[in-house]
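I have placed the structure first, in the form of structure tokens, so that the comments after it can refer back to it.
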Amino acid sequence: LARDGAYGLRQLTDIALRALSPSVHAPTTAEEAVLRSADLLRRISGRALGACVADADGRPLVVRARPTWDELVGVAFDQVAAEAEAQADAATALVLLDALGRVAAATGDPARLAALRSRAARVRDGARRSLDEPRELARVEAAAAALA
């Protein structure tokens, strides 16, 4: 886990998805998993990501495939967002938007912000397709607009 953040994000996503399943239905657990994913992304938001691990002098130590920022954000949030849409779950959509906002507040990199904003737009669009309650949709719309 200490060396592979994507693995930790995958585990948190699995927990969130299980918690959202109708057989388990543990929304607080899902919320906590999403917010912990956000915390992990916040912690790495300023770090260089890429295929090369270098020592303190900049000499390459390891060259291997590593996930990009967009891939990490996708691992953390995409499947949970799809589940929120499938279940017409405004509460999960709002938690996702809150998590995306927390990560956005930790980074000033325009490309990284774009990845977060595109996920917020997907959550908003999913809510538009699935939510029937106007008040719930308005809350999701307002939360998504805060990230735009």
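Filtering segment 11-29 to residues that are more than 14 Å from residue 95 (Cα to Cα) and of a type in the set (Ser, Thr, Tyr) leaves 21, 23.
Quick one: which residue in 36, 43 is in a helix (DSSP H, G or I) and at pLDDT 95 or above? The match here is 36. Remark: pairs (first residue in segment 10-27, among the polar types (S, T, N, Q); second residue assigned to a helix (DSSP H, G or I); Cβ separation under 6 Å; 6+ apart in sequence or on different chains) = 13/79. Evaluate the following for residue 55: is it open to solvent by less than 50 Å² (accessible area, probe 1.4 Å), among the acidic types (Asp, Glu) and either at pLDDT 75 or above or in contact with a strand residue (DSSP E or B) (Cβ under 6 Å, 6 or more places away or on another chain) (or both)? Yes: the conditions hold for residue 55.
Identify all residues within segment 58-75 that are at pLDDT 70 or above, at negative phi and part of a loop (DSSP other than H, G, I, E, B); write none if there are none. Lay out the reasoning, then the answer.
As a first pass, look at segment 58-75 and keep what is at pLDDT 70 or above: 58-60, 66-75.
Now restrict to residues that are at negative phi: 59-60, 66-75.
Matches in segment 58-75: 59, 66, 67, 68.
Can you find even one residue in segment 123-131 that is under 11 Å from residue 147 (Cβ atoms) and in a helix (DSSP H, G or I)? Checking segment 123-131: at least one residue is under 11 Å from residue 147 (Cβ atoms) and in a helix (DSSP H, G or I).
Checking each residue in segment 1-30 for being more than 16 Å from the chain's Cα centre (by Cα), loosely packed, with under 14 Cβ neighbours inside 10 Å and in a helix (DSSP H, G or I) picks out only 28.
Which residue is farthest from the chain's Cα centre (by Cα), if the candidates are limited to segment 122-148 and must be exposed (fewer than 14 other Cβ atoms within 10 Å of the Cβ) and hydrophobic (A, V, I, L, M, F, W, C)? This residue is 138.
The values are calculated or read from the model by the stated rules, or taken from the named source; none is laboratory data. What you see is a predicted model; the values in this text were computed from it and never measured. Glycine also receives a Cβ, built like all others from the backbone with ideal geometry; neighbour counts cover every protein chain displayed. Heads up: the accessible areas ignore ligands, DNA and RNA and are worked out on the full protein's heavy atoms, side chains in. Shrake-Rupley method; radii C 1.70, N 1.55, O 1.52, S 1.80 Å.
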